[in-house]
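The values are calculated or read from the model by the stated rules, or taken from the named source; none is laboratory data. All values reported here derive from a predicted model rather than from experimental measurement. Cβ sites come from the backbone with ideal geometry, for glycine too, and all protein chains shown count toward neighbours.
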Amino acid sequence: MQNFIVTLAQQAASVPAAGNAAGQTAAGQPQTFLGSLGGMLPMIIVFAVIIYLMYRSQKKEQKRRAEMLDSIKAGDKVLMVGGIYGEIVSVKDDRFVVKIADNVKIDVVKTAISTIVGKEEQK
């Protein structure tokens, strides 16, 4: 039992002082902000790079989609977001008139067009 108490006392003596837990170095001086941030800096940089890459790819996709919608003209065959195939009859400011069957024409907003069917096969 006495050996156990001596071992506990030795372990307690080897534990750093309470000042170290409060953000001080062995000399009793407070750590700098950069010193405490230094461990997290690589993680912050990686996070920033991932956010930048996601933002860049999203902007690239938006630009590609806007160009695709601007290039649509009468006679193009398209696939709409709802899965309906049709042919563009006319182009208006913010919408298209799409023929989906004989004598069936519908007005759809530009964002309802998913892809141009004929142009995918050419690429």
Given the criteria surrounded by 15 or more Cβ atoms within 10 Å (Cβ to Cβ), within 26 Å of the chain's Cα centre (by Cα) and not small (Gly, Ala, Ser), does residue 43 qualify? no
Options 99, 92: the member that is of a type in the set (D, E, K, R), touching a Gly at 6+ places or on another chain (Cβ under 7 Å) and at negative phi: 99
Please return the ranges of strands (runs of 3 or more DSSP E) entirely within region 1-116 where 1 or more residues are modelled with pLDDT under 70. none
